[in-house]
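Undergrad: Below is a structure I'd like to ask you about.
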């Protein structure tokens, strides 16, 4: 039996709502949209939990500090 995590189920529920709200419209770039929507709060929480220490946030996220900085810039989260 396949057990989904609460986070996975929440994403699935929100996507079902998104498709319902779209009606007959066709979605475009769905994966990029979801990644962007999820990535921003994940970056924010990692920075909060590391008290703004980018090296610790990067380690928490499993990315390099350089990658973290690029993502922060992309999401307009750079201090």
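Where a number appears in this text, it was derived from the coordinates with a stated rule and is not lab data. Predicted model, so just to flag it, every value in this text is computed and none were measured. Cβ placement follows ideal geometry from the backbone for every residue including glycine, while neighbour counts extend to all protein chains displayed.
Undergrad: Residue under question is residue 63, and the condition is that it be touching a helix residue (DSSP H, G or I) at 6+ places or on another chain (Cβ under 9 Å), surrounded by 12 or more Cβ atoms within 10 Å (Cβ to Cβ) and closer than 23 Å to residue 15 by Cβ; does it hold?
TA: On the way: touching a helix residue (DSSP H, G or I) at 6+ places or on another chain (Cβ under 9 Å): yes; surrounded by 12 or more Cβ atoms within 10 Å (Cβ to Cβ): yes; closer than 23 Å to residue 15 by Cβ: no.
In short, no.
Undergrad: Now for a separate question. Can you tell me which residue within the stretch 59-79, out of those that are free of Cβ contacts under 8 Å to residues at least 12 places away in the same chain and in a helix (DSSP H, G or I), is farthest from residue 7 (Cα to Cα)? Steps first, answer last, please.
TA: Going residue by residue through the stretch 59-79, those that are free of Cβ contacts under 8 Å to residues at least 12 places away in the same chain are 59, 62-67, 70, 73-74, 76, 78.
From what is left, the residues that are in a helix (DSSP H, G or I) are 59, 65-67, 70, 73-74.
Values: 59: 21, 65: 26, 66: 27, 67: 24, 70: 25, 73: 26, 74: 24 Å.
Here the residue is 66.
A quick yes/no check of all residues on (1) under 16 Å from residue 78 (Cβ atoms); (2) touching a residue at least 12 places away in the same chain (Cβ under 8 Å); (3) not in a helix (DSSP H, G or I):
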residue	(1), (2), (3)
3	no, no, yes
10	no, no, no
14	no, no, no
18	no, no, no
24	no, no, yes
33	no, no, no
40	yes, yes, no
47	yes, yes, no
56	no, no, no
